[in-house]
Amino acid sequence: MGIITKKIGNKSYAYLSRREGNKVIQKYLGPTDNTDVKKMIFARSEAGSIPERFRMLFWDTRLEKIHLKKNARYIIERILELGNLDAIYWLQMAYSAQNIIETLNTSRAVSKRSRIFWKLWFGVEDA
């Protein structure tokens, strides 16, 4: 899923684009000069790498060396254990809820206290 922009005349418009099988589905977001659309575009652009403002969560690793797909579990665990709400919002932009919940359920790195809190946050019931 990503945000694309189209220029029509002298105005630019943003669309949320996703693939479903062979189809590409686009949802109109609005003109790119709209403040809400600007925020969405900025948030999506940040989802491609760990933002600098979260450096303190990964004090033992260089941010440039962390790969979002290869190190997904490590990133999710670290943010669930040490992150603030801003980090959680970024995490939800970068990873699917299913991926986050799966890590939450299977990780040994997330403390019991954090696990209980995030299960409540994500609405996950214990089996």
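The values are calculated or read from the model by the stated rules, or taken from the named source; none is laboratory data. No experiment lies behind these values; they were computed from the predicted model shown. Neighbour counts run over all protein chains shown; Cβ positions are idealised from the backbone, glycine included. Just so you know, the surface numbers come from the protein's heavy atoms only, side chains and all, with ligands and any DNA or RNA stripped out. Shrake-Rupley method; radii C 1.70, N 1.55, O 1.52, S 1.80 Å.
To the nearest ten degrees, helix 85-94 and the longest principal axis of the Cα atoms of the chain are 60 degrees apart.
Shape call for the stretch 1-119 from the C-alpha gyration tensor, a ≥ b ≥ c root eigenvalues: rounded (a/c under 1.5), prolate (a/b greater than b/c) or oblate?
Working: a/c = 2.41, a/b = 1.93, b/c = 1.25.
Verdict is prolate for the stretch 1-119.
Each residue, Ala109 and Arg19, gets one label point 7 Å from its Cα in the Cβ direction; the gap between the two is 2.9 nm.
Counting only protein heavy atoms and using a 1.4 Å probe, what share of the accessible area of the chain belongs to carbon plus sulfur, as a whole percent? It would help to have the intermediate numbers written out before the result.
Numbers: 4590 of 8770 Å².
Of all accessible area on the chain, carbon and sulfur atoms account for 52 percent.
If R0 is 30 Å, the Cβ-Cβ spacing of Asn71 and Glu125 corresponds to a FRET efficiency of close to 0.60.
When nucleic acids and ligands are ignored and a 1.4 Å probe is applied, Ile101 ends up with an accessible area of around 40 Å². The slack in the chain from Lys39 to Thr5, taken as 0.36 nm per residue of separation less the alpha-carbon distance, amounts to 10.8 nm.
Accessible surface calculations at 1.4 Å, restricted to protein heavy atoms, place the stretch 1-125 at 68 Å² per residue. The order of Lys23, Lys69 by accessible area, most exposed first and with a 1.4 Å probe, is Lys69, Lys23.
Straight-line cross-link reach from Lys6 at under 23 Å between alpha-carbon atoms covers these lysines, not counting any fewer than eight positions away in the same chain: Lys23, Lys27, Lys38, Lys39. Taking the Cα centre of the chain as reference, the dipole from Cβ charges on Lys and Arg (+1) and Asp and Glu (-1) amounts to some 360 debye.
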